[in-house]
Amino acid sequence: EGYEVILLNPNPATVMTTPSMADHIYLDPLKVEYVEQIFQREKPDAILTTMGGQSGLNLALELEKSGLLEQYQVEVIGSSIESIRLAEDRGAFKEVVAKLGLESAQSYIVHSLKEGLSLINTLPFPLIIRPSYTLGGMGGSIAYTPEEFPQLLEHALETSPAQEALIEESLIGWKESEMEVMRDKMDNAIIVCSIENIDPMGVHTGDSITIAPIQTLDDKAYQKMRTASIDILRAVGVDCGGSNVQFAVHPETGRMVVIEMNPRVSRSSALASKATGFPIARCSAKLAVGYTLDEVVNEITGQSVSCFEPVLDYCAVKVHRFELEKFPLPLSALGTQMRSVGEALALGRTALEALNKAIRSSERKLEGLCDLIKLGISSEDEVQRYLNSAHPLRLLAAYTTLSQKGLSELSEIQRIAAFDPWFLHLLVEQWKLEQEIVSQFDYDVLLKAKRAGLSDCYIGMLTKTSQTDIERLRYAYEMHPVVHHVDTCSGEFDAITPYLYTTYGEKNEVQPMGEDAVVILASGPNRIGQGLEFDTCCTLASLAYRKLGRKTIMINSNPETVS
């Protein structure tokens, strides 16, 4: 758009700090004094607050507090300082929600241990403790007893930059969903993506298995959530870009509670962008400098503008990667603080296909939904412990229990783990399919298995043959994967930027690219201390080949990455 861009970030592994990505790149600390030096040297007109996550928002608030934005006459674009305060200050946000006639969890704001202890008999245990202005739930915890409450609250207050924490009623076991919303200065607002957590409340959303679009809400409940999301953006004052709003829904009564909102692009925005093909960050940047949604052309279709809501004719499932080998997690590890180190996204024509592909992509040596006992991964005692705790293998423990004990255990699994019955039905569907594979394996059953996202390796194990045998059988049957477009509008427009996934048993939507194409193998979900640098290399390799006139094919399952 002709703007000169100054980027501040000290991370050498990211694409953004590559020379030529921005006009000026400063590898300096994200501290007020360094920003002031940049203001003096560069004399910028504006500062964009929403792209650097929680760190960016907190730094913007510090710059405002120090008076530097006013002193150097730097305009705030993205989210205004007032919007950031309203969304990030737990007490102020609760008031916004109440004024809209919506419900938030019963809670109290405290600034000291004494204040917290005076409330100890007001709410029943367990209590959720959330510090204000922190990233990834840092400093947050669940206090199950009055004895552990003081220490956990002290830690939360120390972690919060504002020495502020929210103590709220427990919503553990409720259904959790979020809406990724875009709004412009003319009050055009769209839901880019609805996302549902397969894990119930009690696990940080950054550690939960999630699916898009939302699967288990009826239309009335969905529309109520959609309207509430847009009303919250209006009330907070986000009028140029993307935000996400999180909700909890009681599984029996349907009571809907607003958890929080992020007035910025986030991990959920990255997921929503990849799940729908809608370029949230790019569009948010254009809205921040004054464009409206009807003026921003969608880069995937090249024809439609961005004031429409993406329509998905597939499911997108995200599964997290935990470093269980390097850092074994205690059984109760998952809670209000994020523990995962990376994530994998899979697309499929059905929820079961996407779920199986996503689990396989998380590189935990798991072939999708599987019986942990049959595979020799866990003992019966371990499976029961996983099922009874917030553990990354909990869904697989539920499947193992079903596989070992049969349908009679379903209601007990639901009582213990609080998975929605709809998701438990997926486990039943897989269990029945496995029985078919074992008892009557033929062309139809093989096709059914491939359409459910099962790997040749796993089918080979079930049929007591090998991966190679199943592969040869597929070739004999001429059963090959077909490619589908992610085009944001279910085939209504041709996609000019081919963003693709594979499935089975349907029409192939893509023509071969020819001999000049180069495949780039990317690195999958992040590991501890590695991932971003490989993504940078893959992205720059692709751009280099494009300059040479060569076409590139990128293979990667990581929704957080640029590649």
Accessible surface of segment 358-477 [probe 1.4 Å, protein heavy atoms]: carbon and sulfur percent: 48 percent
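Restricting to DSSP H runs of at least four residues, report the calculated mean residue ellipticity at 222 nm for the chain, -39500 (n - 2.57) per run over all residues, nearest 500 deg cm²/dmol.
-10500 deg cm²/dmol
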Roughly how far apart, in whole Å, are the Cα centres of segment 1-52 and segment 513-563? 25 Å
Lysines with Cα under 24 Å of Lys224, excluding same-chain neighbours fewer than 8 positions away: Lys94, Lys99, Lys175, Lys185
Under 15 Å Cα-Cα from Lys551, which aspartates and glutamates qualify once same-chain neighbours fewer than 8 residues away are excluded? Glu515, Asp516
Keeping all protein chains in place and using 1.4 angstrom, which order do Tyr475, Tyr501 fall into by accessible surface area, from largest down? Tyr475, Tyr501
Suppose a student asked you for the relative contact order of segment 11-65, using Cα pairs under 8 Å spaced at least 6 residues apart; what percent would you report? 24 percent
For segment 238-316, which whole-number percentage of the solvent-accessible area (1.4 Å probe, protein heavy atoms only) is attributable to carbon and sulfur atoms? 49 percent
Checking rank on 174-184, 310-320, 34-44, with mean other Cβ inside 10 Å and highest first, the result is 174-184, 310-320, 34-44
Asp381 versus Arg527: modelled label distance in nm, points set 7 Å from Cα along the beta carbon direction: 3.2 nm
So for each of 27-33, 58-64 I average, over its residues, the number of other beta carbons within 10 Å; can you give me the resulting order with the highest mean first? 58-64, 27-33
Using a Cα-Cα cut-off of under 20 Å, which lysines could be cross-linked to Lys31, ignoring same-chain neighbours fewer than 8 residues away? Lys43, Lys65
Just one of (i) 24.2, 76; (ii) 23.0, 70; (iii) 25.2, 79 is Rg and Dmax of the Cα atoms in Å as worked out from the coordinates here. Which one is it? (i)
Val311 versus Val428, label points 7 Å from Cα toward the beta carbon: distance in nm? 3.1 nm
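If the chain between Tyr3 and Ser55 were fully stretched, how many nm would it gain, using 0.36 nm times the residue separation less the Cα-Cα distance?
Gain on stretching Tyr3 to Ser55: 16.4 nm.
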Considering the zone a paramagnetic label at Lys405 would reach in this model (a point 7 Å from Cα along the Cα-to-Cβ line), which residues of segment 365-392 have amide N under 13 Å from it? 380-388
Report in % the part of the accessible area of segment 1-98 that belongs to carbon and sulfur, leaving out ligands and nucleic acids; probe 1.4 Å. 49 percent
For Thr122 and Arg234 in the same chain, what is the full-extension length gain: residue separation times 0.36 nm, less their Cα-Cα distance, in nm? 37.1 nm
Please work out the average accessible area per residue across the chain, using the 1.4 Å probe convention, and give it in Å². 46 Å²
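The values are calculated or read from the model by the stated rules, or taken from the named source; none is laboratory data. From a predicted model like this one, the values you see are computed outputs, not experimental measurements. With ideal geometry, Cβ positions are generated from the backbone for all residues, glycine too; neighbour counts draw on all protein chains shown. Quick note on the areas: whole protein, heavy atoms, side chains included, nothing else; ligands and nucleic acids left out. Shrake-Rupley method; radii C 1.70, N 1.55, O 1.52, S 1.80 Å.
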